Amino acid sequence: METQGESKDSRVQAIAGRLHPAWVGVLGALLYLPTTRYGLIRYDDPWLIRDNALLHHFTWDGIRRVFFDLSLEQRLQLGAEYLPVRDLSVMLDFAIWGDRFAGHHVTQVLLYAGLCALAATLVLRLFEKRALAWWVGVAFALHPVHVEAVAWLSERKGVLGGLLFFGAACLGVRYLRVGRVAWLAGCLLLFAASVLAKGHMLGGAAALAMCALWCADAPSQRRWALGASAVVLGALVFVPIYVAGQSVGMVQPYHGGGFLQTLALSCTVHGKYLLLMMLGGPYSIAYPVGADFANVGLLGLGLLGLLVFAFFTVRAVFQSSRRSAANFGLGWWLIFLAPVSHVVFPLQNLLADRYLLIGSWGLLLVFGVGVVRLPSRGAWVVGLSWLVASTTWSVTQLGHWESSRALRLHAVSVHPSHVESWHRLASQAEEEGKYEQAEAYVARGLEQAGSATDRWRLYHRRALILEKQGRVDEAIRWMRAAASQPAAHKAYANLGLLLARRGEIQDGLEQVRRACEYQPRSVHNQRAHGIVALEAGEVDEACAAFAEARALEPFNADNHFNLGLCELRRGDQRASDKAFEQALELRPNLAEQIDQARRSVLR
């Protein structure tokens, strides 16, 4: 006789059996609905989205530049990356929403909802187990490690790339089962688009090959066609991404230098990622993990995880009887861990939640397998407990993304020695005119600063705070302290501006020249060079610097205006008029300022 509890379980299973697991997308959308009232975060959003005039207009010329202009200047304007599909999505956002950034967040949430739906669908397509697809889909939609990718507009590339890739994988499995070439073509098209949205999706070629391997009932020619074509296409599509990254210096040297230290870092990062996947929060944009052997616990956990996961994955690859859903999940995790492990490519950030958006599906598949193997009552207890904890962490982390200040304050609470966050907090307080608070943040950062790089950045911020208060002599003293190494090129440029302001023109000119020598690709450095050179009477030198600033940032009206003014001072009326016309096209309200400049110079 069926008990009341068993009756309820059977009814729930019957409902789940009728509903397609893609409905988990609604759950993901509801979780992130609060972000639709958020704005921009002072963390790449302003310069990559708000101030990037190229992406504000959906035009054929803009599309051409995004896809085909690989010049240094164009790549620097687009985040020093070649990700045209991401950029195209931002252009569409501006076409639909304009500068109402809440609307951009709506797009982000809808993309994530689609991503969750396809993630659950892939489980169903691969393993044909509806209960497993539901558990994995819900766990994926609610996991807190995804908050950074969804709440941060600058990570559009991850959400969009993930959506496209899961769509590609679903079509790929469909091709393996049915065999129509149209499904293969659609799969490859979406896969290529996913790589052009986020370069790390290149690992998807191996994931598609693994899908082909696990679908043992498919004819061998289909399996070879999918796996081989994905690998070849992925390599071809990645070429311009790599070339663009090399040209702008995005391919970084390995952290710490030595290979052994890189392996230690990789294992430590993996250990931290495993803790985050197991809901071992708090979650943040910064974690106290370094490129050393200091955290033996994380290093050991990461190394053990790598060895165990690799063992089960490799065994399943070579023994078809071992190709289970759980082993597929472990292989998927390792595939998408590789691009962010620092072994294949050294990354700017040691680790970040957003790096796990796609790879997390693999470990959550393992979790889902474990849940469905439990007795019914135990499955519900374990599964629901996990989902409640996951949702709690996600909601908590979402609150930190509501504002830049909240995000950074949380970061320093998790990682007090994260000098970058102290610096950002000081910068925001300075812009708001809260100079005492800004100085307090600088002081806290200096207490934590362990390297010369950390110190010069905080000295630089302190000098800017003092300059805002009119304390120029003190500002120059701290700016000189900041201008201590080539990496501090911006401090040299600002020191030159401060010295010129105090009347020390030649010393100032020497400093801005040095700034441009250390980093000629900086718009700020070239602009400062032009300003000081013009004051020094070096008009030709000033015009050359302003021309370089315009080339680096052609959609900034100020760069055209500065060049127009300089050409006017040089006596080249034609070049001046052309530069002023371009400035007016970008910002029509400059007309009065241009007239005043002409009258002032011609007088």
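Throughout, read-outs are computed from the coordinates displayed, never taken from laboratory work. Since the model is a prediction, treat every value here as computed from it, not as a measurement. So basically every Cβ, Gly included, is an ideal-geometry build from the backbone, and we count neighbours across all protein chains shown.
A few points about this structure:
- Residue separation of GLN448 and ASP217 scaled by 0.36 nm, minus their Cα-Cα distance, works out to 77.3 nm of gained length.
- Residues TYR459, TYR435 arranged by fewest to most Cβ contacts within 10 Å: TYR435, TYR459
- Straight-line reach from LYS198: taking Cα to Cα under 17 Å and skipping same-chain neighbours fewer than 8 places apart, the lysines in range are LYS157.
- Across q = 0.13, 0.15, 0.20 Å⁻¹, the range 381-471 modelled as identical point scatterers on its alpha-carbon atoms has Debye log10 I(q)/I(0) values of -0.51, -0.61, -0.88, in the order of the q list.
- Compared with the dominant principal axis of the Cα atoms in the chain, helix 4-18 is inclined by about 60°.
- Full-extension gain in nm, TYR435 to SER71, via 0.36 nm per residue minus C-alpha separation: 127.0 nm
- Stretchable slack from LEU33 to TRP97, in nm (0.36 nm times residue separation minus alpha-carbon distance): 21.3 nm
- Student exercise, the chain dipole from Lys, Arg, Asp, Glu Cβ charges, in Debye to nearest 20: 1880 debye
- Between helix 101-127 and the chain there is an angle of about 30 degrees, using the helix long axis and the longest principal axis of the Cα atoms.
- In Hz, Karplus ³J(HN,Hα) per residue of the range 473-485 (6.51, -1.76, 1.60; θ = phi - 60°; x = Gly, Pro): 4, 5, 4, 5, 4, 6, 5, 5, 5, 6, 6, 10, 7
- Take the Cα of ALA80, step 7 Å toward its Cβ, do the same at HIS57, and the gap between the two points is 2.8 nm.
- Binning the C-alpha pair distances of the range 107-264 at 10 Å intervals from 0 yields a P(r) profile of 11, 33, 33, 19, 4 %, listed from the shortest bin outward.
- Angle in degrees between helix 452-468 and the longest Cα principal axis of the chain, rounded to the nearest 10: 50 degrees
- Computed over the range 357-502: relative contact order in percent, which uses C-alpha pairs under 8 Å that are six or more apart: 12 percent
- Where only DSSP H runs of four or more residues are counted, the chain gives -23500 deg cm²/dmol as its mean residue ellipticity at 222 nm, each run worth -39500 (n - 2.57).
- What the Cα convex hull of the chain gives, in volume per residue, is 166 Å³.
- Using C-alpha pairs below 8 Å separated by at least 6 residues, the relative contact order for the chain is 11 percent.
- Within a straight-line Cα-Cα reach of under 20 Å, LYS272 can be paired with the following aspartates and glutamates, leaving aside sequence neighbours fewer than 8 residues apart in one chain: GLU148, ASP292, ASP353.
- For the range 27-32, Karplus couplings with θ = phi - 60° (6.51, -1.76, 1.60), whole Hz, Gly/Pro x: 4, x, 5, 5, 4, 9
- Taking other Cβ atoms within 10 Å as a rough exposure proxy, PHE546, PHE238, PHE328 sort from fewest to most as PHE238, PHE328, PHE546.
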